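What follows is a single structure, written as C-alpha cells, with notes after it.
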Amino acid sequence: MARLFCHILEASGRLAELAPGIRAAVARSEVAARAVIAVPETDVVVRDWPEWTIASDGVGGFCPRRREIEIALDPDHPGLDFGPGGPLDRTIIHELHHVLRRESVGYGETLGEALVSEGMAGHFVAEVLGTLPEPWETAVRAPELPALAAEALKDWNRPDYDHAEWFFGRGRLPLWLGYALGFTIVGSYLRTHPARKAGGLTDMPARLFIARAEAIAGGDSVGRS
C-alpha cells in the first residue's frame, strides 16, 4: 500500500498533461526510499508555482508542516525532467528527510539546526538515489569554507538568524551558503563516522555536529569530496 499520497492541484489547467509523470516520480521515490527507511504516510501536494522553483530545473520543494511535502513546478520550464533520478525524484527524497526529521527533533529554529537539517537531507538523496551533490550543495569553494564556518558558529544557536540571507543569498552572504555549509558539515560527520548514514540521523540534534563545524572552521577539509 502506498505511503506517499500524491495530490496534483490542477485548477490552473497546466498540470493535467504532466500528471502521469508526476505520479510515477512519487511512486518511484517511495520505492527507492523504502529500501533505506520506513516511509511515513505523507501527503505530496504538487502545485503550478513557477516563482518558487529552482531556475535551473523548474522544480522546488518544501516541508511546511508534519507529514506534508509541497512540490512547486514550472510547467513551461524547458528542462523539466520527471525521469528516474531527475530533479523531481531528488526533491521528493530531500523533502522526505525533512518529514522524517519533523517526526523526531524537528527541522529546527536556529541557524545550526537549519544547516544540519538541510545537510542531512542532501546526503539522504545521495544515499537513496546515488546521485551527485546538487549545485547549491557545492556552491562555496573549499578555501572559503573555514571563515564561513566560523561565522556560522557565532550564530549557531540563534533563532533570529536570517534564513533568506544564509540560504538564498539575499544579503551579504554567498548564494546557497547554508546548503553548501550544511552539506559539508554533515559530510564531515559521515566521513568520520563511516558506519552511519544520513537516513539514520533523523533524530540526531544539531549540537552534536558543532565539533565538525569547528573542525571545518579550523581548516579541516574532510567534509568535501
Of all residues making up the stretch 50-77, the number that are charged (D, E, K, R) and assigned to a strand (DSSP E or B): 3
Filter result (open to solvent by less than 50 Å² (accessible area, probe 1.4 Å) and charged (D, E, K, R)) within the stretch 136-184: 137, 151, 155, 165
One residue from 133, 194 being under 21 Å from residue 97 (Cα atoms), assigned to a loop (DSSP other than H, G, I, E, B) and under 13 Å from the mean Cα position of the chain (by Cα): 133
Residue within the stretch 86-104 that is part of a loop (DSSP other than H, G, I, E, B) and open to solvent by 10 Å² or more (accessible area, probe 1.4 Å) present: yes
Close pairs from the stretch 29-41: first of a type in the set (Asp, Glu), partner part of a loop (DSSP other than H, G, I, E, B), Cβ under 9 Å, at least 6 apart: 30/2; 30/3; 30/39; 41/2; 41/3; 41/67
Breaking point among (1) over 17 Å from residue 59 (Cβ atoms); (2) open to solvent by 30 Å² or more (accessible area, probe 1.4 Å); (3) touching a residue at least 40 places away in the same chain (Cβ under 8 Å), for residue 24: (1)
Odd one out for residue 68 among (1) crowded, with 21+ Cβ neighbours inside 10 Å; (2) under 26 Å from residue 182 (Cα atoms); (3) acidic (Asp, Glu): (1)
Selection from the stretch 144-164 of residues that are over 14 Å from residue 212 (Cα atoms) and not in a helix (DSSP H, G or I): 155, 157, 158, 159, 160, 161, 162
Qualifying residues in the stretch 156-174 (those that are among the hydrophobic types (A, V, I, L, M, F, W, C) and touching a helix residue (DSSP H, G or I) at 6+ places or on another chain (Cβ under 7 Å)) - the one farthest from residue 118 (Cα to Cα): 173
Matching residues in the stretch 28-47 - criterion: being assigned to a strand (DSSP E or B) and either open to solvent by less than 70 Å² (accessible area, probe 1.4 Å) or on the phi > 0 side of the Ramachandran plot (or both): 42, 43, 44, 45, 46
Hey, residue 59 buried (at least 20 other Cβ atoms within 10 Å of the Cβ), modelled with pLDDT of 95 or more and at negative phi or not: yes
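The values are calculated or read from the model by the stated rules, or taken from the named source; none is laboratory data. What you are looking at is a predicted structure, and each value in this text was computed from that prediction instead of being measured. Cβ sites come from the backbone with ideal geometry, for glycine too, and all protein chains shown count toward neighbours. To get the accessible areas, we keep the full protein, side chains included, count just its heavy atoms, and leave off ligands, DNA and RNA. Shrake-Rupley method; radii C 1.70, N 1.55, O 1.52, S 1.80 Å.
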